[in-house]
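The values are calculated or read from the model by the stated rules, or taken from the named source; none is laboratory data. Quantities reported herein were computed from a predicted structural model and do not represent experimental measurements. Cβ coordinates were reconstructed from backbone atoms using ideal geometry, including for glycine residues, and neighbour counts include every protein chain displayed. Accessible surface areas use protein heavy atoms only, side chains included; no ligands, DNA or RNA. Shrake-Rupley method; radii C 1.70, N 1.55, O 1.52, S 1.80 Å.
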Amino acid sequence: YGVPNIQIKVDGVSSFTDLMVRPIQAEGYQVAGKAQVFGGQVFNFGSTTITSFDITCKLGNAEPVVTSVSGISLGSGKSYDFTLPEYTTSESGMLNLEVSVANINGADDAETTDNKALSNVFFYPEGVEKKILVEVFTGQACGNCPSGHTNLANAMKGIEDEFIEVAHHAGYYPDQFTMEESYSLTWLYGTAGTFAPAVMFNRTAIPSISTTSPVFASTDGASVKTAVQAFRQTQPYVGLKLYNEFNDSTRTGKVHIDVQTYVVPSDSMHTLNVWITQNGLIAMQSSGGSEYVHNHVFRGTLNKSAWGQQIRLNAGETKRYTFEYTVPET
């Protein structure tokens, strides 16, 4: 069972040159006006050793750029990884990326049909900011939680604006900041039981950390750093603009959220979550003292469900959602 790899060797045939461009993987976070670097791989399908070749790259409507590679010794059946020069384009949207090879060993290739690879690359408009959702599970009675918060702060130092942090006081003993919705979200721990301090990024598991749950212990500083770097490379899908109106005398508010879809992800369900968080809450914290500052504290959702409101995403479409709310006096 499985996929057989069948090779046929024929003796007495003249040597030939055949360099193949493998498919280009160009998914990621590309923004118009910012320099981007793409890479790829070629495979020596021929019988002669490759010592030099030219790579031509064309992105969107830009002029093709030729890069020469020389001084290599690429034997038959071997691969070579290449990195293209930095590209900056003012175009946004889905652009064609075409990479081809020619002038192999200073001559023509025996088979030219595999000398080209095509891919689509989405470039976000200038000014689009990518945000990563970081959800912390904590509790005032959790003695290890301050060190977990420190690990997270250190990993995000200098790039804090790239993250939206929310602290759920759940997963450990309940306290004065525990909200009912946060209890529902502890389902994301899986079947192993809850604990704190814990953290998850974009509610997505990282195989190198855990294959069963997106939640992992934030006392592991190395894992926190791994997660921060991994999710900085992920592709965003929508742009969100929030407009908030609040009446101080009535303590009522109305928030409008515009959801602009750039790329539709493969997931079948997409939900919009609108939450209220609070900073600067001074209260007791085990191992942190009686005047510990609690930030990013989850104070409730404007959705009817703790899991948000299901929405439909259509590429290129912008839809507005409106929510009304009242802030309690206490």
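Which count do you get for residues in region 26-57 that are buried (at least 17 other Cβ atoms within 10 Å of the Cβ) and touching an Asp or Glu at 6+ places or on another chain (Cβ under 6 Å)?
Looking only at that region, the number is 2.
Under 7 Å between Cβ atoms, which residue pairs at least 6 apart in sequence (or on different chains) link something in region 1-28 that is at positive phi with a partner that is at pLDDT below 85 and open to solvent by 70 Å² or more (accessible area, probe 1.4 Å)?
Final answer for the pair search is Gly28/Gln233.
So Asp267 fits all but one of (1) without any contact (Cβ under 8 Å) to a residue 12 or more places away in the chain; (2) touching a strand residue (DSSP E or B) at 6+ places or on another chain (Cβ under 7 Å); what number is the exception?
Failing condition for Asp267: (2).
Can you tell me which residue in region 255-292 is least open to solvent (accessible area, probe 1.4 Å), limited to those that are within 30 Å of Gly316 (Cα to Cα) and charged (D, E, K, R)?
Asp258
Filter region 26-62 down to the residues that are among the polar types (S, T, N, Q) and either in a strand (DSSP E or B) or under 20 Å from the mean Cα position of the chain (by Cα) (or both) and list them by number.
Hits for region 26-62 are Gln30, Gln36, Gln41, Asn44, Thr51, Ser52, Thr56.
Ser305 versus (1) open to solvent by 40 Å² or more (accessible area, probe 1.4 Å); (2) at pLDDT 95 or above; (3) of a type in the set (Gly, Ala, Ser); (4) touching an Asp or Glu at 6+ places or on another chain (Cβ under 9 Å): which is the lone unmet condition?
(2)
Only one of Pro85, Pro23 is under 23 Å from Arg232 (Cβ atoms), at pLDDT below 85 and either open to solvent by 60 Å² or more (accessible area, probe 1.4 Å) or not in a strand (DSSP E or B) (or both); which?
Pro85
Answer yes if at least one residue in region 183-194 is surrounded by 17 or more Cβ atoms within 10 Å (Cβ to Cβ), on the phi < 0 side of the Ramachandran plot, part of a loop (DSSP other than H, G, I, E, B) and aromatic (Phe, Trp, Tyr), and no otherwise.
There is no residue in region 183-194 that is surrounded by 17 or more Cβ atoms within 10 Å (Cβ to Cβ), on the phi < 0 side of the Ramachandran plot, part of a loop (DSSP other than H, G, I, E, B) and aromatic (Phe, Trp, Tyr).
Could you please let me know if Val69 is assigned to a strand (DSSP E or B), open to solvent by less than 70 Å² (accessible area, probe 1.4 Å), without any contact (Cβ under 8 Å) to a residue 40 or more places away in the chain and β-branched (Val, Ile, Thr)?
yes
Search region 230-254 for residues being β-branched (Val, Ile, Thr) and surrounded by 12 or more Cβ atoms within 10 Å (Cβ to Cβ), and hand back the single one that is nearest to Ile209 (Cα to Cα).
Top of the filtered list is Thr234.
Is there a residue being out of contact with any helix residue (DSSP H, G or I) (no Cβ under 6 Å at 6 or more places or on another chain), hydroxyl-bearing (Ser, Thr, Tyr) and closer than 19 Å to Ala155 by Cβ anywhere in region 183-204?
Yes.
Could you tell me which residue of region 118-148 is least open to solvent (accessible area, probe 1.4 Å), considering only residues that are of a type in the set (S, T, N, Q) and assigned to a strand (DSSP E or B)?
It comes out as Ser119.
List, please: which pairs have Cβ atoms under 7 Å, are six or more places apart or on different chains, and start with a residue in region 237-257 that is at positive phi and end with one that is surrounded by 11 or more Cβ atoms within 10 Å (Cβ to Cβ)?
Filtered contacts from region 237-257: Arg251/Val327.
Among the candidates Glu111, Glu165, which residue alone is within 30 Å of Ala196 (Cα to Cα), over 15 Å from the mean Cα position of the chain (by Cα) and not small (Gly, Ala, Ser)? Outline the logic, then answer.
On the way: Glu111 fails: within 30 Å of Ala196 (Cα to Cα).
Of Glu111, Glu165, the one residue that is within 30 Å of Ala196 (Cα to Cα), over 15 Å from the mean Cα position of the chain (by Cα) and not small (Gly, Ala, Ser) is Glu165.
When you go through Asn103, Asn151, Asn115 one by one, which is the residue that is of a type in the set (S, T, N, Q), crowded, with 17+ Cβ neighbours inside 10 Å, touching a residue at least 24 places away in the same chain (Cβ under 8 Å) and under 30 Å from Thr17 (Cβ atoms)?
Asn115
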